[in-house]
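Undergrad: One structure is given below, represented as structure tokens, and several questions about it will come after.
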Amino acid sequence: MSKSSRIVTEYGIKIGGKTKMKIGYRCIFLAIFVMMSFSFTANAQAKKLKIYISADMEGIVGVVTGDQLSPQGFEYGRFREFMTQEVNAAIEAAFAGGATEIVVSDSHGNGESLLIEKFPKNVTIVRSWPRPLMMMQGIDETFAGAIFIGYHAGTTNSEGVRAHTISSATLADVKLNGLSMPEAGINAAIAGQFNVPVIMISGDDAAVKETTDLLGNIEGAVVKWNYGFHSARTMTPEAADDVIREKVKNAMGRLKDFKPYKVTTPVQLDVRFKNYRPAELLSYLSIVKRTDAHSIRFQGRDIIEVSKFLEFMTNYESGLTP
Ligand SMILES: [Zn+2]
């Protein structure tokens with residue numbers, strides 16, 4: 001309190017002397033400065049450091065095909081465990097590195113893959129869909145950094161296990177301002193809207209390379225090396241957890257190095273569908289322009305509007321219940 005109250009006093013006298021303000025105004029100014037310095041002190045005492053973790057599954061150790069990725073796959077149960085362990089490795093290292101609060105978004109498939117009972121008590125988990133901010137729901141400007149676990153390469157990348165963007169079944173390209181984007185890029189831009197930098201990513205070699213090429217010098221944990229869409233040489237789960245722990249530790253140790261990824265506004269979204277009819281029907285809306293037989297364009301005020309459009313586009317069907 002000592003330093004700031006001295007400044008308040010000096011400032012108060014100066015203002016008073018110069019403008020001959022009445023005592024009442026001076027008291028209000030003093031009260032405001034005292035309240036501000038109190039809140040700074042309170043913040044410094046709490047030392048809050050929030051970390052956001054977005055978790056996907058294609059980039060989890062050992063994942064190579066649909067057998068690991070959906071409840072119908074014979075290996076899904078075990079790979080949910082591995083996914084949960086990798087997120088837990090990141091959580092442990094983030095807390096050890098000074099994090100005080102962590103939000104995890106369960107962002108693969110049905111959004112119900114993580115085993116929430118295996119997380120520490122001071123973690124909260126975002127589950128299921130739809131969500132306006134997609135794989136980044138729950139992020140805001142109070143977070144110090146974002147971590148991507150189990151991420152995969154984008155749909156225009158000819159390398160990478162299960163490389164796709166948002167939907168492997170329906171989308172052939174997703175561009176922001178003319179640049180083809182993997183999910184990591186779209187999600188980094190959403191974090192960037194809130195001034196939150198991405199600090200670390202894990203996945204196969206293609207996903208890590210693609211994301212570090214786009215975002216710069218973030219920490220990358222390679223847990224497998226792709227041979228193609230459905231094959232890879234993989235680490236064991238325990239070894240993957242170790243490398244994730246190490247890279248999150250490094251990232252937490254140099255938080256100030258990372259810059260939020262910003263896309264210029266307004267944001268032009270171009271989507272190329274694998275099929276023909278989505279582009280035809282969406283172009284009935286006056287906010288959507290059909291740019292060719294398979295493609296549409298939407299302009300959003302910012303990445304948040306674009307995120308909502310994408311979530312609507314990929315979730316809406318007229319038979320929705322309830
Ligand atoms: Zn994904």
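Since every read-out is calculated from the coordinates, none of them should be taken as a lab result. Quantities reported herein were computed from a predicted structural model and do not represent experimental measurements. All Cβ positions, even for glycine, are placed from backbone atoms using ideal geometry, and neighbour counts span all protein chains on display.
Undergrad: By how many degrees, between 0 and 90 and to the nearest 10, does the Cα long axis of helix 303-315 differ from the longest principal axis of the chain?
TA: Result, in degrees: 30.
Undergrad: On each of the three principal axes of the Cα atoms of the chain, give max minus min coordinate, whole Å, ordered largest first.
TA: Over the chain, Cα extents along the principal axes are 75, 51, 40 Å.
Undergrad: Could you tell me what percent of the DSSP beta bridges with both partners in the chain are antiparallel, to the nearest 5?
TA: Approximately 45 percent, going by the DSSP bridge assignments.
Undergrad: How large is the dipole of segment 48-257 about the Cα centre if only Lys and Arg carry +1 and Asp and Glu carry -1, each at its Cβ, rounded to the nearest 20 debye?
TA: 340 debye
Undergrad: At a Förster distance of 25 Å, what's the computed FRET efficiency of Arg78 paired with Trp129, Cβ-Cβ distance as r, to 0.05?
TA: So, using R0 = 25 Å, E works out to roughly 0.55.
Undergrad: Scan the chain and report its longest stretch carrying no trypsin sites (Lys or Arg not before Pro) that are both in a DSSP loop and have at most 15 other Cβ atoms within 10 Å.
TA: In the chain, the maximal stretch lacking such sites is 122-253.
Undergrad: Sticking with this structure for a sec: Along the charge dipole of the chain, pointing to its positive end and built from +1/-1 on Cβ of Lys, Arg, Asp and Glu, which listed residue (Leu49, Ala169, Val123) has its Cα farthest out?
TA: Leu49
Undergrad: Let me ask you something else. Using the Cα centre of segment 267-315 as origin and beta-carbon charges of +1 (Lys, Arg) and -1 (Asp, Glu), tell me which of Gly300, Val267, Thr314 is placed farthest towards the positive end of the dipole.
TA: Among Gly300, Val267, Thr314, the one farthest towards the positive end of the dipole of segment 267-315 is Thr314.
Undergrad: Another question about this same structure. Could you give the nm distance between label points at Lys308 and Asp257, where each point is 7 Å from its Cα heading toward the beta carbon?
TA: With each label placed 7 Å out from Cα toward Cβ, I get 3.7 nm.
Undergrad: Another question, then. Could you state the angle between the C-alpha long axis of helix 237-253 and the longest principal axis of the C-alpha atoms of the chain, as a value from 0 to 90 degrees rounded to the nearest 10?
TA: 30 degrees
Undergrad: Right, next: Counting alpha carbon pairs within less than 8 Å and at least 6 residues apart, what relative contact order, in whole percent, applies to the chain?
TA: 17 percent
Undergrad: Within the chain, what is the longest stretch that has no GluC sites (Glu not before Pro) placed in a DSSP loop and near at most 12 other beta-carbon atoms within 10 Å?
TA: Longest stretch, sites excluded: 142-316.
Undergrad: Could you state the angle between the C-alpha long axis of helix 205-215 and the longest principal axis of the C-alpha atoms of the chain, as a value from 0 to 90 degrees rounded to the nearest 10?
TA: It works out to around 40 degrees.
Undergrad: Based on the Kirkwood radius over alpha-carbon pairs, what is the Stokes-Einstein translational diffusion coefficient of segment 267-315 at 4 °C with 1.567 mPa s viscosity, in µm²/s?
TA: It diffuses with D of about 121 µm²/s by this estimate.
Undergrad: Hey, got the dipole for segment 267-315? About the Cα centre, +1 on K and R Cβ, -1 on D and E Cβ, debye to the nearest 20?
TA: Approximately 120 debye in magnitude.
Undergrad: Determine Rg/Rh for segment 157-282; Rg is computed over alpha-carbon atoms and Rh is the Kirkwood hydrodynamic estimate from the same atoms.
TA: Rg divided by Rh gives 1.01.
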